[in-house]
Every structure is written in structure tokens, then in C-alpha cells.
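Written below as C-alpha cells is the structure these notes are about.
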Amino acid sequence: MSSILTSLGRTVLAGFVLLVLIVFALGGNFASVELPFLFRWIHVMVGVMWIGLLWYFNFVQIPSMPKIPDEQKPAVGKVIAPAALFWFRWAALFTVVSGLILSVLNGYAHQAFTLQAPFRAIGLGMWIALVMAFNVWFIIWPNQKRALGIVAVEADVKAKSARIAMLTSRLNTMLSIPMLFLMVAQSHNTTWFVIVS
């Protein structure tokens with residue numbers, strides 16, 4: 001077991017094998033898996049990674065950096081942050097893409113994007129998620145590259161970039177709260193938005 005758990009790749013693979021075993025044990029039939037369900041599952045998985053990393057940055061890394069001795073900060077800036085930002089930005093992209101595919105497969109993409117009833121809530125959640133993904137790729141990531149020294153810049157530009165990345169990340173944290181509520185409420189609380197429809 002430790003040989004599985006000491007490797008992230010083997011751990012993830014074991015998770016998928018475990019899933020298959022559980023599905024078969026419960027009498028499931030993979031031939032009956034519907035495409036919209038598959039994309040919903042993918043959407044939730046990568047969405048958890050995206051928002052989980054967003055909250056890691058804002059609840060753990062950013063507040064902890066001032067407490068870390070200067071000689072230890074390069075470990076975060078050169079190793080941990082770039083790796084986390086890699087998964088963060090790709091999870092954001094795959095969350096958006098899988099969500100768009102899901103909305104098309106379920107036939108509500110147009111109504112959601114144009115904020116028509118009964119898809120206003122999820123549509124607004126989708127627009128917020130698009131803003132957040134834009135922020136990840138076009139504001140946070142370029143500024144983090146400068147702040148972390150991936151792209152060489154002067155010290156004042158580095159400091160300004162770090163602040164812009166942090167403030168935009170905080171904006172995304174704020175936006176994630178209504179976005180998550182709107183997504184879940186639309187899908188799992190069918191009476192919540194009846195009045196606004």
C-alpha cells in the first residue's frame with residue numbers, strides 16, 4: 001500500500017481503480033453512463049481543484065508568507081507556488097471547458113448565458129466563473145510570473161505585480177462564494193429561484 005501512496009500518479013490511478021470496483025460492487029454498469037453525467041463529474045472534480053487551490057493561496061500561503069523566515073521563502077516562491085499555480089490555472093481552464101460542454105449537453109447553454117428563466121442562477125454563476133478564469137489566466141498568472149521571478153523584472157515591478165496578483169486572487173475568492181452558491185442552488189434547490197423567474 002505504501003508503494004501506491006508514495007506516488008501521486010499511482011495514488012490517483014488507485015482512486016480510479018477503487019471507483020470502478022465500487023461501481024461494479026454496487027451493480028453499476030459503465031455502458032449506461034450518460035455523457036452529461038460524465039462531464040458533470042469532471043466539472044466537479046476539476047472545480048474542486050481550482051477553488052481548493054484558490055482558497056489554499058488565500059487562506060494558507062498568502063497569510064503565512066510574512067511568518068516565513070527570508071532564507072526559507074525561496075522554497076515557496078521557486079518550488080511550491082509555481083507548481084500550485086500550474087495546477088491552479090489548468091484546473092480553472094478545465095472547469096470552464098467542462099462546464100460549457102455540460103451546459104451544451106444539457107441544452108441550457110443559450111438560456112444560461114442570456115440569463116433567461118429558469119437558468120438565471122446558473123447563468124450568473126457561469127458568467128462569474130468566466131470572469132474568475134479570465135483573472136487567473138490574464139491577470140494573476142502574468143503577474144505571478146513577475147512576482148516569482150519566472151520573468152525577470154526590476155524589484156519595484158516585482159512588488160507591484162505581487163500586489164496585483166494577490167488583490168486579484170482575493171477578488172476571485174470573494175467571487176467564488178456567490179458563484180458556488182449559484183451553481184449548487186440552481187442544480188439542487190429547484191424552488192430557490194422560482195420567485196425571480
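Structure values in brief
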quantity	calculated
Positive-end residue of HIS43, ALA75, THR95, charge dipole of the chain with Cβ unit charges	ALA75
For the chain, size of Cβ-based charge dipole, Lys and Arg +1, Asp and Glu -1, in debye	320 debye
Surface share of carbon and sulfur [accessible, 1.4 angstrom probe, percent] for the chain	74 percent
Positive dipole terminus of the chain, leading residue within TRP141, GLN116, LEU130 (C-beta point charges)	TRP141
Integer Hz, Karplus 6.51/-1.76/1.60 couplings in order for the range 169-182, x for Gly and Pro	5, 5, 4, 4, 4, 4, 5, 5, 5, x, 4, 5, 4, 4
Rg to Rh quotient for the range 1-104, alpha carbon positions, Kirkwood Rh	1.09
C-alpha center-to-center spacing [the range 57-98, the range 100-132] in angstrom	29 Å
Value of [θ]222 nm, deg cm²/dmol, for the chain, DSSP H segments ≥ 4, -39500 (n - 2.57) each, nearest 500	-22000 deg cm²/dmol
Of SER103, SER32, SER64, the one that fluctuates the most in a GNM where the chain has Cα springs shorter than 10 Å	SER32
Mean Cα-pair separation over length for the chain, i.e. relative contact order, pairs under 8 Å, 6 or more apart, %	21 percent
HN-Hα J in Hz across the range 74-88 - Karplus 6.51, -1.76, 1.60, θ = phi - 60°, x for Gly and Pro	x, 4, 6, x, 9, 10, 6, 4, x, 5, 5, 5, 4, 5, 4
Ellipsoid semi-axes in whole angstrom, largest first, where each is sqrt(5λ) of the Cα gyration tensor of the range 48-99	25, 12, 5
Calculated FRET value between VAL153 and VAL76, using beta carbons and R₀ = 25 Å, to 0.05	0.85
Paramagnetic reach from LEU171 in the range 116-153 [backbone N under 16 Å; point 7 Å along Cα→Cβ]	127-144
Residue-normalised accessible area of the chain, given per residue in Å² at a 1.4 Å probe	62 Å²
For the range 10-66, average projected area of the Cα convex hull in nm²	5.4 nm²
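The values are calculated or read from the model by the stated rules, or taken from the named source; none is laboratory data. A quick note: this is a predicted structure, and the numbers were derived from the prediction, not measured. A quick note on method: Cβ atoms are made from the backbone with ideal geometry, for glycine too, and the neighbour counts reach across all protein chains shown. Side chains are part of the model used for accessible areas, which takes the heavy atoms of the whole protein and leaves out ligands, DNA and RNA. Shrake-Rupley method; radii C 1.70, N 1.55, O 1.52, S 1.80 Å.
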